[in-house]
1. Would you mind telling me which numbered condition in (1) in contact with a Gly (Cβ under 6 Å, 6 or more places away or on another chain); (2) touching a residue at least 60 places away in the same chain (Cβ under 8 Å); (3) within 13 Å of ligand 1 (Cβ to nearest atom) residue 199 fails?
2. So if I check each of 294, 363, which one is buried (at least 18 other Cβ atoms within 10 Å of the Cβ) and either within 22 Å of residue 200 (Cα to Cα) or free of Cβ contacts under 8 Å to residues at least 40 places away in the same chain (or both)?
3. May I ask you to list the residues in the range 314-337 that are more than 12 Å from ligand 2 (Cβ to nearest atom) and either under 20 Å from residue 226 (Cα atoms) or small (Gly, Ala, Ser) (or both)?
4. Does any residue in the range 269-283 that is away from ligand 1 (no atom under 14 Å from the Cβ) come within less than 8 Å, Cβ to Cβ, of a residue that is assigned to a helix (DSSP H, G or I) and among the hydroxyl-bearing types (Ser, Thr, Tyr) six or more places away or on a different chain, and which pairs are these?
5. Could you check the range 242-258 and list, in sequence order, the residues that are within 14 Å of ligand 2 (Cβ to nearest atom) and buried (at least 24 other Cβ atoms within 10 Å of the Cβ)?
6. Of the conditions (1) closer than 17 Å to residue 237 by Cβ; (2) of a type outside the set (Asp, Glu); (3) at pLDDT 95 or above, residue 292 fails just one. Which one is it?
7. Go through the range 210-230 and report how many residues are within 16 Å of ligand 1 (Cβ to nearest atom) and surrounded by fewer than 24 Cβ atoms within 10 Å (Cβ to Cβ).
8. Here is a list: 350, 296, 306. Which entry is under 22 Å from residue 93 (Cα atoms), basic (Lys, Arg) and away from ligand 1 (no atom under 13 Å from the Cβ)?
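The values are calculated or read from the model by the stated rules, or taken from the named source; none is laboratory data. Here the structure is a predicted model, which means the values were calculated and not measured. Cβ placement follows ideal geometry from the backbone for every residue including glycine, while neighbour counts extend to all protein chains displayed.
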Amino acid sequence: MNKQKFQELTIAILSDSASEEENSIHSQALQNEDWAQDVYEDTCHTHNLLTQTFRTLSDQPAIAPTNTSKEQMVKLFEMMDKQSPLRGSAIADKETYADLVSKLDKLPTLPIILDAISKALNDEHANVIKIEELLNGDQSLTSSVLRLANSARYGLPHKVFSLHQAISLMGFDEVQQIVVTASVISFMDKANDFFSLNNFWRHSIGVANATCVVANELGVSDDYILYTTALLHDIGKLGNLLLDTKGYLQIIQQSLDTKLPLHQLEIEEVFPEHTRMGEAICEHWGLPKMISQAIRYHHEPDINKRPPLPEEVNHTIDCIYLADILIRQNHFGHSGNAEEPEIDEGLLKRLDIHTIRLEQIKADINDSLNQVHGLLDILPEEYGAA
Ligand SMILES: [Fe+2]
Ligand SMILES: [Fe+2]
């Protein structure tokens, strides 16, 4: 028996789908082949990462123990065999990150429609007909907007069937948020055949909404760029997962075991930092510089440890940093970072956020999260969106 066949048998056994005969062939190989024990242990470890660790990101067993999942699991193992381990690769400069991102052949280009729609929405002459024309070009976006219009959030007495009705009902601002969120999630979803990252997107949508709440409280203007930056703040984690699924799941598991911050573990384990990976991905997409800059420093509360940045970028970083912590304290979704988060005292002082003001921000975030359930409808139904 070769190693690959043995690995497949092991997967079948772990997925509870092996026949008696397969079980006995497996145990014979385990006794007779000198490499079998190592392959067995390695397969169990990887299987565990995929079925257990992945649960934090996906909100449900990533792969249910059924026969079909065995095939899925075999495909996942095949995919991971083709990946190169990222751990230990000393990645210090921007070029290396850009290089890694260019290897992400599964990373789709940002949909042109996202750009077109946001321009149209920001155009003062935009009208319902024009938006409708643009959206009609994208079936999944259209159905997301309709699904949201028909969700409990709007409590309509009758069903909305046309975009025209939906847009006039929700208004441009609302449509803009839906379009950005749905575009990002649906196109990232196309980036892989296996991942269902419901919990990860919950975290991202939560942070995007909380960032707007914090911005309002601090008097920072909350706009399309701010919302998009916050929605994409952890996109580098997806890059890491697509490049080295097993390696990154191990780091996530380490964070779950030790409660250490994921970004600290990335550095300790000499793994690409998700902040820098996110920066490189946004640059690759040609997004405005302020988006990639803010993503790069979203875990740095100390303004003196950031390079000199335009004031608006620093404001964006402050809002996202704070929103990220408050959303994690709220246990809204999960992005793989299991640190018990504490807000940096220096940041609170610098922004003049005293206890009462902080409590107000938390209360406002709770209100906004209650409203956000409609946006979560955007997550594909089969992923069990809330
Ligand atoms: Fe992060
Ligand atoms: Fe985050």
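1. (3)
2. 294
3. Those that are more than 12 Å from ligand 2 (Cβ to nearest atom) and either under 20 Å from residue 226 (Cα atoms) or small (Gly, Ala, Ser) (or both): 314, 315, 316, 317, 318, 319.
4. 280/97; 280/292; 283/292
5. Once the filter is applied, which keeps residues that are within 14 Å of ligand 2 (Cβ to nearest atom) and buried (at least 24 other Cβ atoms within 10 Å of the Cβ), the range 242-258 yields only 252.
6. Among (1) closer than 17 Å to residue 237 by Cβ; (2) of a type outside the set (Asp, Glu); (3) at pLDDT 95 or above, residue 292 violates only (3).
7. Residues flagged as within 16 Å of ligand 1 (Cβ to nearest atom) and surrounded by fewer than 24 Cβ atoms within 10 Å (Cβ to Cβ) within the range 210-230 amount to 1.
8. Sole residue among the options that is under 22 Å from residue 93 (Cα atoms), basic (Lys, Arg) and away from ligand 1 (no atom under 13 Å from the Cβ): 306.
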